[in-house]
1. Filter segment 77-106 for residues that are surrounded by 15 or more Cβ atoms within 10 Å (Cβ to Cβ), among the aliphatic types (A, V, I, L, M) and more than 17 Å from residue 181 (Cβ to Cβ); which is modelled with the highest pLDDT?
2. Could you list, ordered by first residue, the pairs with Cβ atoms under 6 Å in which the first is in segment 164-177 and of a type outside the set (Phe, Trp, Tyr) and the second is outside any strand (DSSP E or B) and at pLDDT 70 or above, at least 6 apart or interchain?
3. Checking residue 152 against (1) touching a Ser or Thr at 6+ places or on another chain (Cβ under 6 Å); (2) part of a loop (DSSP other than H, G, I, E, B), only one condition comes out false. Which one?
4. With closer than 23 Å to residue 190 by Cα and either of a type outside the set (A, V, I, L, M, F, W, C) or at pLDDT 90 or above (or both) as the only criterion, which of 126, 116, 159 stands out?
5. Do the conditions hold for residue 62, that is, is it at pLDDT 85 or above and either surrounded by 14 or more Cβ atoms within 10 Å (Cβ to Cβ) or more than 24 Å from residue 153 (Cβ to Cβ) (or both)?
6. For segment 115-130, indicate whether the set of residues that are of a type in the set (D, E, K, R) and closer than 19 Å to residue 49 by Cα is non-empty.
7. Restricting attention to segment 107-134, which residues are touching a residue at least 12 places away in the same chain (Cβ under 8 Å) and loosely packed, with under 14 Cβ neighbours inside 10 Å?
Amino acid sequence: MFCPKCGAQCADDAVFCGSCGNSLKADAQKPAAAAQNVDVAATIKKNMNYIMVAIGAVAALLGLLIMFGVFEPSITIWGQTVSGPMSEIDGNFMGVLGNILFGLINLVIGAVGILYFLKNQMNMPYYDNFVVKFLKVKEPAFLMGVAGAVGALVQFVCYKLVDVGPTSLNVHWITWVLLVVYVVLAVVDKFVVNKK
């Protein structure tokens, strides 16, 4: 360790500088704690581009799968549990609508994440030409997080509206996982990366 006052080299466990007598303990602890806080925020900020493209790619894939009912939850009709593809819930308009809406939202999230990555990594202008021009987005990760959380809640509501009489739909566990991921993304972007 070096003394911050005179620059002399001191032992790592020294309390005072042997050259000028400056107290080293308080000075050493404050910058270390501040550096740890800065390091976490800086690391997340530095890697946010990769985080966004990873979430965007997964969201785009899951958006397609959700829309086409590959992850369709089980349905209980008159005490019988049936699980399977979208054809099983053709009679439940709200369940189908929930899948389509959440799937479309995931596709938009995927496009935002991927276009933002292409802008920053390969200098491709598509993000500015489409997302910034039409959505006027300054914080894309926050937008992705909020849009995804709202999409999951829309699907929950649509499925709950089916919960009438002998028919009920249960939201697939993937929707719960996506909801948590999207909320964490929005919170981290707002309060760590773009902290005012």
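The values are calculated or read from the model by the stated rules, or taken from the named source; none is laboratory data. What you see is a predicted model, and the numbers here were worked out from it, not measured in a lab. Note that each Cβ is placed from the backbone with ideal geometry, even for glycine, and that neighbours are counted across all protein chains shown.
1. We begin by selecting, within segment 77-106, every residue surrounded by 15 or more Cβ atoms within 10 Å (Cβ to Cβ); these are 77, 86, 88-89, 92, 94-103, 105-106.
Adding the requirement that they be among the aliphatic types (A, V, I, L, M) leaves 77, 86, 89, 94, 96-97, 100-101, 105.
Still in the running and more than 17 Å from residue 181 (Cβ to Cβ): 77, 86, 89, 94, 96-97, 100-101.
On the way: 77: 56, 86: 47, 89: 49, 94: 77, 96: 79, 97: 84, 100: 87, 101: 91.
Of everything passing the filter in segment 77-106, 101 is modelled with the highest pLDDT.
2. Qualifying pairs under 6 Å: 169/95; 169/159; 169/162; 171/156; 171/159; 175/152; 175/155.
3. (2)
4. Values: 126 fails: closer than 23 Å to residue 190 by Cα; 159 fails: closer than 23 Å to residue 190 by Cα.
So the residue among 126, 116, 159 that is closer than 23 Å to residue 190 by Cα and either of a type outside the set (A, V, I, L, M, F, W, C) or at pLDDT 90 or above (or both) is 116.
5. Details: at pLDDT 85 or above: yes; either surrounded by 14 or more Cβ atoms within 10 Å (Cβ to Cβ) or more than 24 Å from residue 153 (Cβ to Cβ) (or both): yes.
So residue 62 passes the test.
6. Our first condition is that a residue be of a type in the set (D, E, K, R); within segment 115-130, this holds for 119, 128.
Next cut, closer than 19 Å to residue 49 by Cα only: 119, 128.
Yes, segment 115-130 contains at least one residue that is of a type in the set (D, E, K, R) and closer than 19 Å to residue 49 by Cα.
7. As a first pass, look at segment 107-134 and keep what is touching a residue at least 12 places away in the same chain (Cβ under 8 Å): 107-117, 120-121, 127, 130-131.
Correct list: 121, 130.
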